[in-house]
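So the structure is just underneath, and the comments pick up after that.
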Amino acid sequence: LLFRLPLGESRWPMVALDDIGWFATHVLEHPEAWRGRTLPIASEVLGGDDVARIFTRVTGLRAEYRAMPMDEYEQLPIPMKHDFVNMV
């Protein structure tokens with residue numbers, strides 16, 4: 001499996017669904033403590049090589065990462081790709 005992402009050597013913030021689900025519930029149940037705050041949330045920050053290595057370890061399927069130039073990524077017919085472009 002080949003992971004092609006426009007990360008270059010950058011790192012990608014990840015959020016575990018269990019973590020974000022618990023935290024979102026907590027914030028909504030305690031608005032007085034969290035109202036008006038901006039919170040950077042990430043469980044881990046991984047590079048493309050890390051993503052491929054972890055995928056291989058967890059699935060047993062060989063994976064590798066190859067960086068994709070941003071201009072190539074921007075030409076792909078992917079809905080909402082601007083969200084990813086703005087994160088990098």
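Could you list which residues have their amide H under 5 Å from that of residue 3, counting only those 5 or more apart in sequence or on another chain, with H placed in the peptide plane?
Here 64, 65, 66 satisfy the definition.
Please list, in order along region 29-36, the HN-Hα scalar couplings obtained from phi with the Karplus expression 6.51 cos²θ - 1.76 cosθ + 1.60 (θ = phi - 60°), rounded to whole Hz, x for Gly and Pro.
Taking θ as phi minus 60°, the curve returns 7, 10, x, 4, 7, 10, 4, x Hz for region 29-36.
Can you compute the FRET efficiency between residue 59 and residue 27 using 1/(1 + (r/R0)^6), with r the Cβ-Cβ distance and R0 = 35 Å? Round to the nearest 0.05. Mind dumping the intermediate values first?
Details: r = 33 Å, r/R0 = 0.94.
Plugging the Cβ-Cβ distance into 1/(1 + (r/R0)^6) gives 0.60.
What is the distance, in nm, between label points placed 7 Å from the Cα along the Cα-to-Cβ direction at residue 42 and at residue 16?
1.7
Alpha carbon centre of region 42-76 versus region 1-31: separation in Å?
Taking the Cα centre of each part, region 42-76 and region 1-31 sit 15 Å apart.
Quick check for you: with a 1.4 Å probe and neighbouring chains kept, what is the accessible area per residue of the chain, in Å²?
Result: 76 Å² of accessible area for each residue.
³J(HN,Hα) across region 4-14 via Karplus (A = 6.51, B = -1.76, C = 1.60, θ = phi - 60°), whole Hz, x for Gly/Pro?
10, 9, x, 8, x, 9, 5, 10, 10, x, 10
Taking the chain as the reference, fit the longest principal axis to its C-alpha atoms, fit the long axis of helix 48-59 to the helix C-alpha atoms, and give the angle between the two in degrees, 0 to 90, nearest 10.
90
The values are calculated or read from the model by the stated rules, or taken from the named source; none is laboratory data. This is a predicted model, so every value here is computed, not measured. Ideal geometry is used to build each Cβ from the backbone, glycine not excepted, and the neighbour counts take in all protein chains shown. In case anyone asks, the SASA skips ligands and DNA or RNA and just uses the protein heavy atoms, side chains included. Shrake-Rupley method; radii C 1.70, N 1.55, O 1.52, S 1.80 Å.
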